[in-house]
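The structure under discussion is supplied below as structure tokens; questions concerning it will follow.
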Amino acid sequence: MERLSITQVPDNLIQAQDEHRWLIQIIERVEQESQLMPFYQSISNANQIEDFKWTVQLFHHSRTLPRFIGLVLAQDPDDSMMRFYAEHLSNEAPHSSWLLEWMTHHGIVHSESEACLLKPSVATNSCINYGARLAQLNDREAWLIGINCGIEKASHQLFSTIEPILSEIGLSHAYFKTHVIADEHHSTEALTLVSCLDPQSKRALYLRDLLLEGLSLWYGMLNSWVGVNYIPLFNGDGSLFP
């Protein structure tokens, strides 16, 4: 199995990071708040394969994302965006099969049909449906900010946290290692494709709210994987709503 090939991040990333500093700060604040949430508190104590049975839920999320990227690719009339979507789609397409390979090797499931019968939770489906809804909006910036800058960045946090744990106990796999690199790439490159916005404009506030909705659903999904029914809500600056 070959590691995912990632193209060079554009030279204008520094400019994009400066233009979208307001957006980055919101995402960073959410990530900071999430460290004390049930999922991350639980996973810090993981030390055996039984602590990763929730990866069946991750499998459901992983196998749906390529379908949504394909829909976005088909809808966007701008040929200059084709490479970005196509690369993302190509990268994501094999990931669920890699995860299934890992799960079957370690006895979490014994076949794809068994994994599919272990249905996604309500929280997992809610996060999956968020991706479907953004794909159907046919709004490029909503997709880039909500999925690439938001969900992909939160996914990078997830894999950056669990991969070292899995490596330490001898359970890591290309699926986890690749995501540490790929999700950061997909998140940062998207910043270069978003237009510069006045953070107080109606458009920026609309996109901010879409972003925060997705992050609420993402972290609610993770919490559900460790048996906690908690969907966090965030203020406009990314801080936790009381």
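The values are calculated or read from the model by the stated rules, or taken from the named source; none is laboratory data. If you're wondering where the values come from, they're calculated on a predicted model, not measured in any experiment. Here the Cβ is made from the backbone with ideal geometry for all residues, glycine too, and neighbour counts use every protein chain on show. Accessible surface is based on the protein model in full, side chains and every heavy atom, while ligands, DNA and RNA are left aside. Shrake-Rupley method; radii C 1.70, N 1.55, O 1.52, S 1.80 Å.
Within the range 40-56, track down each residue that is open to solvent by less than 30 Å² (accessible area, probe 1.4 Å) and either under 19 Å from Ser96 (Cα atoms) or not in a loop (DSSP other than H, G, I, E, B) (or both). Even if it seems obvious, please write down each step before you answer.
If we filter the range 40-56 for residues that are open to solvent by less than 30 Å² (accessible area, probe 1.4 Å), which is where we start, we get 40, 43, 46, 52, 54-56.
Passing the criteria: Tyr40, Ile43, Phe52, Trp54, Thr55, Val56.
Hey, His179 hits all of (1) closer than 30 Å to Met103 by Cβ; (2) buried (at least 23 other Cβ atoms within 10 Å of the Cβ); (3) under 13 Å from the mean Cα position of the chain (by Cα); (4) modelled with pLDDT of 95 or more but one; which does it fall short on?
(4) is the only condition that His179 fails.
Cβ-Cβ distance below 8 Å, separation of 6 or more or different chains: which pairs start in the range 197-222 with a residue that is acidic (Asp, Glu) and end on one that is in a helix (DSSP H, G or I)?
The qualifying pairs are Asp198/Ala204; Glu213/Tyr130; Glu213/Gly146.
Looking at Asp209, is it of a type outside the set (Val, Ile, Thr) and either open to solvent by less than 10 Å² (accessible area, probe 1.4 Å) or closer than 30 Å to Ala86 by Cβ (or both)?
yes
Do you know which of the residues in the range 124-136 that are among the aliphatic types (A, V, I, L, M) and open to solvent by 10 Å² or more (accessible area, probe 1.4 Å) is farthest from Gly214 (Cα to Cα)?
My answer is Ala132.
Restricting to the range 65-97, what's the tally of residues that are part of a helix (DSSP H, G or I) and either open to solvent by 30 Å² or more (accessible area, probe 1.4 Å) or of a type in the set (A, V, I, L, M) (or both)? Show your work before the answer.
From the range 65-97, those part of a helix (DSSP H, G or I) are 65-75, 79-92, 95-97; that's our starting set.
Adding the requirement that they be either open to solvent by 30 Å² or more (accessible area, probe 1.4 Å) or of a type in the set (A, V, I, L, M) (or both) leaves 65, 67-69, 71-75, 79-83, 86, 89-90, 97.
Within the range 65-97, residues that are part of a helix (DSSP H, G or I) and either open to solvent by 30 Å² or more (accessible area, probe 1.4 Å) or of a type in the set (A, V, I, L, M) (or both) number 18.
Please go through the range 102-119 and give me each residue that is without any contact (Cβ under 8 Å) to a residue 40 or more places away in the chain, open to solvent by less than 80 Å² (accessible area, probe 1.4 Å) and not in a helix (DSSP H, G or I), ordered by number.
If the condition is that a residue be without any contact (Cβ under 8 Å) to a residue 40 or more places away in the chain, open to solvent by less than 80 Å² (accessible area, probe 1.4 Å) and not in a helix (DSSP H, G or I), then Ser111 is the only one that fits.
Still on this structure: Which numbered condition in (1) free of Cβ contacts under 8 Å to residues at least 12 places away in the same chain; (2) open to solvent by less than 10 Å² (accessible area, probe 1.4 Å); (3) among the acidic types (Asp, Glu) is the only one that Asp139 fails?
(2)
Taking the options Gly220, Gly227, name whichever one is at pLDDT 95 or above, open to solvent by less than 10 Å² (accessible area, probe 1.4 Å) and under 20 Å from Phe59 (Cβ atoms).
Gly220
Scan the range 48-102 residue by residue and report those that are out of contact with any Lys or Arg (no Cβ under 6 Å at 6 or more places or on another chain), of a type in the set (Ser, Thr, Tyr) and more than 17 Å from Leu134 (Cα to Cα).
Correct list: Thr55, Ser80, Ser90, Ser97.
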